[in-house]
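Have a look at the structure below, then the notes.
The values are calculated or read from the model by the stated rules, or taken from the named source; none is laboratory data. Bear in mind the structure is a predicted one, so any value in this text is a computation, not a measurement. Note: ideal-geometry Cβ built from the backbone for every residue, glycine included; neighbour counts use all protein chains shown.
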Amino acid sequence: MNQFIDTFSIFGISICILLLIRQFLALKKNTKNYLLTAILVCLLLISIFVNCLFNRSLDKYSFVYFLHTPFVFALGPILYFFSAKILDEKFELERKIIIIQLLPSLLMLLVYIYLQVIDRELLKVLIIDLYERKTQNYIYLFPLLGSLTVGAYAILSGYRIVFFFKESFYRKEFSVRMVFIIVCITLFQVTLTIVSVFKREEFFFRMISVTMTLILLFLYIVSIKYPEFMQELEIIIENEKYKKTVLGNLDKDSLLENLKHLMEVEKIFREDDLSLGILAERMKISNHQLSELLNNDLKQSFFGLVNYYRIEEAKKLLLDKKNDTVLSIAYSVGFNSKSSFNTAFLKLTSLSPTEYRKRFLKIK
């Protein structure tokens with residue numbers, strides 16, 4: 001059983017690395033993506049430490065010891081910043097407040113440098129004590145404090161996310177349900193971590209590894225199967241916000257005509273980085289006003305509208321440009337991956353792009 005858990009732990013590290021690679025390859029210069037990358041780095045280093053602990057290889061790879069602790073302290077504030085940024089794109093913290101919240105992490109980094117560079121003998125003693133489950137060194141309080149910090153920030157972040165949405169959203173909106181699941185699993189993980197630091201028993205540490213791997217696996221599956229997950233979530237949040245606003249005296253007919261021109265004449269949907277904010281800016285209205293216009297007058301979400309135009313254009317190109325690959329057509333109409341194109345195409349036509357091309361080329 002222990003061997004299986006060890007292998008599962010390595011599997012979790014591999015998933016985390018894959019997620020980081022996807023983040024770097026698809027990284028756009030916005031704060032949310034940087035924060036998500038930072039969260040994955042924290043999880044990766046914590047997973048590596050736990051794996052080395054299982055394999056009793058900390059004496060061999062002593063540089064891993066305590067390396068995770070600064071990142072445990074950093075994980076809480078980063079989670080909070082990330083959740084706040086999701087709920088409010090304009091959310092900003094003063095540099096002074098950011099430094100104060102990350103100060104414990106910086107102090108732990110100094111402790112790590114001290115152990116690794118200045119007092120290697122103490123480092124060896126601490127590693128031996130860890131395996132023999134001794135508690136005479138106060139340094140063991142640091143991981144406990146770090147776990148409690150993550151727990152506090154996770155509860156605060158979870159509270160903000162859960163109570164931002166109405167109860168009905170958990171039954172209807174997939175992306176919000178996924179966020180709710182992630183929040184619950186994270187809180188369970190933090191609770192398990194705190195218990196393990198208190199108990200210092202191998203069973204709890206192994207359970208930490210299992211749950212962390214499950215979280216990473218869940219995130220990886222969501223990122224592959226639902227590549228537009230974050231964008232959909234942002235739109236739902238915008239829709240919640242716009243309920244507090246109105247279009248006022250704006251001419252809806254002119255706005256709808258302008259929207260039609262942008263989509264059908266300028267074909268703005270071909271831009272792969274098109275967002276609610278970019279479209280609203282082109283229409284010279286706010287994000288909230290555009291959301292209200294789409295939902296009330298077109299009965300469409302931003303994501304649904306853009307995908308409709310992209311798929312309609314793709315249907316024409318699949319038949320008119322017989323020698324073009326499905327992937328090149330996907331890119332030309334604004335999708336940034338074949339998987340997201342296939343998912344959207346199947347949803348709107350009940351056929352894959354390849355099946356659609358074969359069926360309708362025969363008719364032609």
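Overview of results
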read-out	value
Residue within segment 174-185 that is part of a helix (DSSP H, G or I), touching a Gly at 6+ places or on another chain (Cβ under 7 Å), surrounded by 13 or more Cβ atoms within 10 Å (Cβ to Cβ) and at pLDDT below 80 present	yes
Residue within segment 356-363 that is outside any helix (DSSP H, G or I), at pLDDT below 90 and under 26 Å from residue 265 (Cβ atoms) present	no
Test set (1) more than 16 Å from residue 275 (Cα to Cα); (2) touching a helix residue (DSSP H, G or I) at 6+ places or on another chain (Cβ under 8 Å) - residue 301 fails condition number	(1)
Cβ pairs under 8 Å, 6+ apart, first in segment 33-57 and over 16 Å from residue 4 (Cα atoms), second in a helix (DSSP H, G or I) and among the charged types (D, E, K, R)	35/85
Subset of segment 254-295 [of a type in the set (A, V, I, L, M) and outside any helix (DSSP H, G or I)]	265, 274, 285
Number of positions in segment 20-71 that are closer than 19 Å to residue 10 by Cβ, small (Gly, Ala, Ser) and either in contact with a His (Cβ under 6 Å, 6 or more places away or on another chain) or assigned to a loop (DSSP other than H, G, I, E, B) (or both)	1
Residue list for segment 143-162, filter: of a type in the set (A, V, I, L, M, F, W, C), surrounded by fewer than 20 Cβ atoms within 10 Å (Cβ to Cβ) and more than 13 Å from residue 84 (Cβ to Cβ)	144, 145, 148, 152, 155, 162
Of all residues making up segment 296-338, the number that are surrounded by fewer than 18 Cβ atoms within 10 Å (Cβ to Cβ) and not in a helix (DSSP H, G or I)	10
Residue 96 being surrounded by fewer than 14 Cβ atoms within 10 Å (Cβ to Cβ), assigned to a helix (DSSP H, G or I), more than 19 Å from the chain's Cα centre (by Cα) and charged (D, E, K, R)	yes
